[in-house]
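The values are calculated or read from the model by the stated rules, or taken from the named source; none is laboratory data. Not measured: the values here are computed from a predicted model. Cβ placement follows ideal geometry from the backbone for every residue including glycine, while neighbour counts extend to all protein chains displayed.
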Amino acid sequence: MTEPVPGGQSAALTYTSYLALDEILGAQRPRSDEHDEMLFIVIHQVYELWFKQILHELGHLQRCLEKGDTPHSVRALRRTLTILKVVVAQIDVLETMTPRQFTSFRERLDASSGFQSYQFRELEAVLGRRDKRMLSPYDKDSESYARVALAMSRPAVFDSFLHYLAGAGYDLPDAALNRDVGTQWTESEDVQRVLVQVYADDSGPSTVADLLVDLDEGLQEWRYRHVKMVERTIGGKAGTGGSAGAAYLRTTLFHAVFPDLWAVRSQL
């Protein structure tokens, strides 16, 4: 691979050019002279890179599920779970910053807030959240709005999983397979009866089901660590951008992404 340079010549691809390091390493622009602002920026930029990769993996996962490809579905889920462990571990780094250190530059953040992360909202939508309030931080003509809205209109991961099970020979109800994917999924006793059989068979589909539970648990772990990090950093203060801070984040805890996979536990 080569890239054009002035004069019609070509330059050999380098580590720096392939990874666009000039752009990446030039993207940290602190708004104060405080030492800890650099850490705050880098951590959140890395989060966004991992969110991008998780979205990439979940898109691959859905394609594999819809093709009935168990081995590659398992690999995509295992990679996603490993990434989530790294995402959670990053909180340990952020927690090396004391409340006073964060306060030293916090006012420079103005109205910016993690609530505005369109990639995280897109991730929530891919995992099944259908809530129009997710669109409120974005201008209707923006790419951010379009991406989140599109993700909410497409089949979610659990929809792809149900089609995967149907392709594996399980008798899923038509209402589950042909539902309006733009609406919030609600627990289904008919689907749970099928899941009991999936676990009884103890084959490839049950492995995929358990990895989805792992994914759900990993996301809940990240939310818990995130809210505790916010509490230890700003306590009960409002978040930047007018958000409710830790008070809002606590309301997001312990909400299952795949409720049927949890409900069926008591039936196994």
Is there a residue in the stretch 199-216 that is within 19 Å of the chain's Cα centre (by Cα), part of a helix (DSSP H, G or I) and free of Cβ contacts under 8 Å to residues at least 24 places away in the same chain? yes
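Can you find even one residue in the stretch 108-125 that is within 30 Å of Ser160 (Cα to Cα), in a loop (DSSP other than H, G, I, E, B) and modelled with pLDDT of 95 or more? Spell out how you get there, then give the answer.
Just the residues of the stretch 108-125 that are within 30 Å of Ser160 (Cα to Cα), to begin with: 114-125.
Now drop any that are not in a loop (DSSP other than H, G, I, E, B), which leaves 117.
Filter once more, keeping what is modelled with pLDDT of 95 or more: none.
Checking the stretch 108-125: not a single residue is within 30 Å of Ser160 (Cα to Cα), in a loop (DSSP other than H, G, I, E, B) and modelled with pLDDT of 95 or more.
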For the stretch 118-153, the count of residues that are among the basic types (Lys, Arg) and within 23 Å of Leu49 (Cβ to Cβ) equals 3
Single residue of the stretch 217-256 satisfying the filter (of a type in the set (D, E, K, R) and over 21 Å from the mean Cα position of the chain (by Cα)) that is modelled with the lowest pLDDT: Lys237
Run down Pro173, Pro155 and say which single residue is surrounded by 13 or more Cβ atoms within 10 Å (Cβ to Cβ), over 18 Å from His60 (Cα atoms) and over 15 Å from the mean Cα position of the chain (by Cα). Pro173
Selection over the stretch 92-101 where residues are more than 15 Å from Asp33 (Cβ to Cβ) and surrounded by 16 or more Cβ atoms within 10 Å (Cβ to Cβ) yields a count of 2
Only one of these is over 18 Å from Glu187 (Cβ atoms), under 14 Å from the mean Cα position of the chain (by Cα) and of a type in the set (Phe, Trp, Tyr): Tyr118, Tyr164. Name it. Tyr118
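Report, by residue number, each residue of the stretch 29-84 that is among the small types (Gly, Ala, Ser) and either buried (at least 18 other Cβ atoms within 10 Å of the Cβ) or modelled with pLDDT of 95 or more (or both). Please lay out each step first, then the result.
Residues of the stretch 29-84 among the small types (Gly, Ala, Ser): 32, 59, 68, 73, 76.
Once the filter is applied, which keeps residues that are among the small types (Gly, Ala, Ser) and either buried (at least 18 other Cβ atoms within 10 Å of the Cβ) or modelled with pLDDT of 95 or more (or both), the stretch 29-84 yields Gly59, Gly68, Ser73, Ala76.
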Against the definition (crowded, with 18+ Cβ neighbours inside 10 Å, within 30 Å of Glu34 (Cβ to Cβ) and not charged (D, E, K, R)), how does Val87 come out, yes or no? yes
Extreme residue, modelled with the highest pLDDT, among residues of the stretch 3-26 that are more than 23 Å from Ile41 (Cα to Cα) and loosely packed, with under 10 Cβ neighbours inside 10 Å: Tyr15
